[in-house]
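The values are calculated or read from the model by the stated rules, or taken from the named source; none is laboratory data. Keep in mind the model is a prediction, meaning the values are calculated, not measured. Virtual Cβ from ideal backbone geometry, glycine too; neighbours counted across all protein chains shown.
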C-alpha cells in the first residue's frame, strides 16, 4: 500500500448536496489522511474501466472511489476497488451506501406544517424513486397519526418521458383541485421549484393558498423561488466526512464500521414560502403568538391562560382541536426549536445557551433537551453541527 492514497471522486457537484459532500471529504483528507483527491468533471463521465484513458488517467493506480449517479456509467462498480456509493436511486448490495433519512425527513416536514396550523396536506414527489417514495410514506403516516389526510400527486395521465411543459399543466390542474389553504411537502428543492411554477400557472398564491416545503436547503434553488422556499437542511458535509473515513477503512484493509453512511437531517430553514401561521381559532393564534414572543424563558401554562379571556380547560380543548397537542407541548416544542437553532447556527456553549433561555444551569438544559430529542446536546452537535 502506497503512503499516499489516490481517491477518485465521481459525483455531481452542481448542487449543494454534492458540494457539501465534497467539503466533508476534503476536510477528512486534509486532517486525517495522506490522500490525493481526483475529481472528474461531469461532462467527462463515461465507461469506467481499469485501464488508461484520456478521461481517467492512471485509473489502474486509484486506491478508492466515491461515486454518485452510477447509472451514467456502463460498468457501475470496478471489481475489488474500494468504493462508496451515493445512493440516489437504488441501494447497491455489498457496497457502502450514502443514504438520506427518509423517515425522519417525512416526520420533520409533517411536524413543521402541523405546527403552523395546517389541517390540509399534500405531497409532490417523483414516482418510483425510492428516496422520494420513502419521504412520501413517512410524511403521510405522520399526517395520518395527527388525524389528517394527505393528497399525493400521482396523476394517471403522467407518462414516462413527458416534458415539464406538459406535466406543468397536469400539476396545475391537480393543485387547483385541492382544498385550500394547504401545506405541501415537495420531495426536494428541485421539485419544490416546479410546484412554484405550477402554482403560478394555476393562479394560486404562496403561502396564502399553498405553503411549500422542500428538502436539501440548496440556497441557490431556494432563492430562485419567489417567495423564497422553506427547506429541510441535510448535513451532507458530515456524510462526506464519514464516507471518507469508511473508504479509508476499506483501502487500508480494516473491518468497516457500517455498510451505510447516513446523511443527518438537521432542521427546517424557514423562508417566505411557509411564512404564514394558519390558525383558524383566534384564541389559539393569540396564545401561540404569546408563546413565541416569550419562549426565551420558561413560560407556565397559567401565564398563557392569563393572557386570554378564557379558562385553562377551554383553552386546552381549543388547542387540541386546532393543533392536536397541549399548551405545554407547544411551549416545550417552541423552546426546543430555539435551542436547536442556537446549537446549529452559533458557537455558544451549553452554559451560554442555558443562560440565554433562562434554564437554571447547563445540566437542566441538557435534561430538557434529551427528553425532547433523545440525545445529549454534545451528541446532537456532533451529529448535525459543523465538522
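Condition first: in contact with a strand residue (DSSP E or B) (Cβ under 7 Å, 6 or more places away or on another chain) and farther than 17 Å from residue 153 by Cα. Now tell me which residues in the range 198-229 satisfy that.
At the first step, the residues of the range 198-229 found to be in contact with a strand residue (DSSP E or B) (Cβ under 7 Å, 6 or more places away or on another chain) are 199, 204, 206, 210-217, 222, 229.
Hits for the range 198-229 are 206, 216, 217, 222, 229.
In the list 213, 204, 185, 169, which residue meets the criterion of being over 18 Å from residue 102 (Cα atoms), touching a residue at least 24 places away in the same chain (Cβ under 8 Å) and outside any loop (DSSP other than H, G, I, E, B)?
On the way: 213 fails: over 18 Å from residue 102 (Cα atoms); 204 fails: outside any loop (DSSP other than H, G, I, E, B); 185 fails: over 18 Å from residue 102 (Cα atoms).
On inspection, the qualifying residue turns out to be 169.
Restricting to the range 122-137, name every residue that is farther than 14 Å from residue 215 by Cα and in contact (Cβ under 8 Å) with a residue 12 or more places away in the chain. If you could, list the steps in order and put the result at the bottom.
Initial filter on the range 122-137 (farther than 14 Å from residue 215 by Cα): 122, 127-130, 137.
Scanning the range 122-137 gives 122, 127, 129, 130, 137.
Hey, could you check the range 347-369 for residues that are free of Cβ contacts under 8 Å to residues at least 24 places away in the same chain and out of contact with any helix residue (DSSP H, G or I) (no Cβ under 8 Å at 6 or more places or on another chain) and say which is farthest from residue 384 (Cα to Cα)?
Among them, the one singled out is 355.
Exactly one of (1) touching a helix residue (DSSP H, G or I) at 6+ places or on another chain (Cβ under 6 Å); (2) modelled with pLDDT of 95 or more is unmet by residue 273. Its number?
Condition (1) is where residue 273 drops out.
Output the residues belonging to the range 216-227 that are buried (at least 17 other Cβ atoms within 10 Å of the Cβ) and assigned to a loop (DSSP other than H, G, I, E, B). Let's see the steps before the verdict.
Narrowing the range 216-227 to residues buried (at least 17 other Cβ atoms within 10 Å of the Cβ): 216-218, 221-222, 225.
Scanning the range 216-227 gives 217, 218, 225.
Being surrounded by fewer than 16 Cβ atoms within 10 Å (Cβ to Cβ) and free of Cβ contacts under 8 Å to residues at least 60 places away in the same chain is the requirement here; does residue 178 meet it?
Numbers: surrounded by fewer than 16 Cβ atoms within 10 Å (Cβ to Cβ): no; free of Cβ contacts under 8 Å to residues at least 60 places away in the same chain: yes.
Judged against the criteria, residue 178 is not a match.
In this structure, is residue 314 assigned to a helix (DSSP H, G or I) and in contact (Cβ under 8 Å) with a residue 12 or more places away in the chain? Write out each step before concluding.
Numbers: assigned to a helix (DSSP H, G or I): yes; in contact (Cβ under 8 Å) with a residue 12 or more places away in the chain: no.
When the stated conditions are applied, residue 314 does not pass them.
Is it true that residue 21 is outside any helix (DSSP H, G or I) and either surrounded by 20 or more Cβ atoms within 10 Å (Cβ to Cβ) or at pLDDT below 90 (or both)?
Working: outside any helix (DSSP H, G or I): no; either surrounded by 20 or more Cβ atoms within 10 Å (Cβ to Cβ) or at pLDDT below 90 (or both): yes.
No.
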